[in-house]
1. Would you pick out the residues in segment 205-218 that are open to solvent by 30 Å² or more (accessible area, probe 1.4 Å), away from ligand 1 (no atom under 16 Å from the Cβ) and modelled with pLDDT under 90?
2. Considering only segment 1-54, how many residues are open to solvent by less than 30 Å² (accessible area, probe 1.4 Å), assigned to a helix (DSSP H, G or I) and in contact with a Gly (Cβ under 8 Å, 6 or more places away or on another chain)?
3. Among the residues of segment 142-190, what is the count of those that are away from ligand 2 (no atom under 16 Å from the Cβ) and open to solvent by less than 70 Å² (accessible area, probe 1.4 Å)?
4. Are there strands (runs of 3 or more DSSP E) fully within segment 103-193 with at least 2 residues that are in contact with a helix residue (DSSP H, G or I) (Cβ under 9 Å, 6 or more places away or on another chain)? List them.
5. In segment 62-92, how many residues are of a type outside the set (Ser, Thr, Tyr) and closer than 15 Å to ALA108 by Cβ?
6. How many of the residues making up segment 194-207 are part of a loop (DSSP other than H, G, I, E, B) and within 18 Å of VAL161 (Cα to Cα)?
7. With respect to GLY69, determine if the residue is in the same structural domain as ARG154 (by TED's automatic domain parsing), of a type outside the set (D, E, K, R) and open to solvent by 30 Å² or more (accessible area, probe 1.4 Å).
8. Collect the residues in segment 195-204 that are open to solvent by less than 50 Å² (accessible area, probe 1.4 Å) and either touching a Gly at 6+ places or on another chain (Cβ under 7 Å) or hydrophobic (A, V, I, L, M, F, W, C) (or both), keeping them in residue-number order.
Amino acid sequence: MPTTVRLVQPDDLEAVADLTARVYRDEGFSSPDYEPHLRDVASRAQTATVLVAEVDGALAGAVTVATRGGEWAEQSAPGEAVLRMLVVDPAVRGAGTGEALVRSCLEAARTDGCSLLRLSSQEGMASAHRLYERLGFVRTPAFDWSPEPGLQLRTYALPLVPWCGQCGEELTAEGHASCRRAAELDPPRFCASCRRRMVVQVTPTGWTARCVEHGLKSG
Ligand SMILES: [Zn+2]
Ligand SMILES: [Zn+2]
């Protein structure tokens with residue numbers, strides 16, 4: 001059963017909302033407050049990227065990846081992507097659908113020039129945690145948080161580039177706290193791919209930073 005992954009289309013919104021709400025509810029990870037957010041696929045598709053997986057032409061899973069900040073990119077610094085609301089229909093578990101969706105998120109984050117992909121996950125989501133760890137994500141305890149009393153989230157991240165653009169040192173999954181703050185204001189000084197010094201120009205709307213080998217970034 002090969003899985004194909006594609007961008008969500010307007011015709012899919014209702015089915016993706018139903019699948020997402022159903023999987024979270026059946027596994028005990030939903031709540032009356034959270035369900036409207038799970039169902040709000042239209043909003044996620046506007047400000048982030050919603051991907052759907054199909055097995056034999058039928059909807060089998062979905063995920064959101066926020067690569068440009070915004071309301072779905074919780075806990076991200078500029079240039080970081082956030083994976084949200086990964087669901088796989090229990091009927092196709094074991095077919096590699098979850099892995100195909102996460103790999104597509106990594107690809108989308110790289111395409112949008114992100115340095116790192118983060119995610120938060122409920123403690124009981126054991127099969128998802130095994131998948132993340134198998135794909136190279138590492139735990140980031142300093143980012144673990146609680147959105148509401150009694151709900152504790154664990155976090156993971158996977159660097160997509162070798163170097164920190166702010167300080168030029170090796171990029172870690174947690175990132176350098178002071179560099180993440182600096183990135184809110186300052187352009188990168190180093191190319192995250194090759195560690196060369198960037199040629200930085202401040203523009204009327206922000207900045208551009210150019211690596212002679214890897215091209216232009218802007219912010
Ligand atoms: Zn740094
Ligand atoms: Zn470079």
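1. Within segment 205-218, THR205, LEU216, SER218 qualify.
2. 1
3. Count: 22.
4. 116-122, 151-159
5. So the count comes out to 17.
6. 4
7. no
8. Hit for segment 195-204 is MET198, nothing else.
The values are calculated or read from the model by the stated rules, or taken from the named source; none is laboratory data. Keep in mind that what you see is a predicted model, and the values were worked out from it rather than measured. Because the Cβ atoms are built from the backbone with ideal geometry, glycine has one as well, and the counts that use them run over all protein chains shown. Just so you know, the surface numbers come from the protein's heavy atoms only, side chains and all, with ligands and any DNA or RNA stripped out. Shrake-Rupley method; radii C 1.70, N 1.55, O 1.52, S 1.80 Å.
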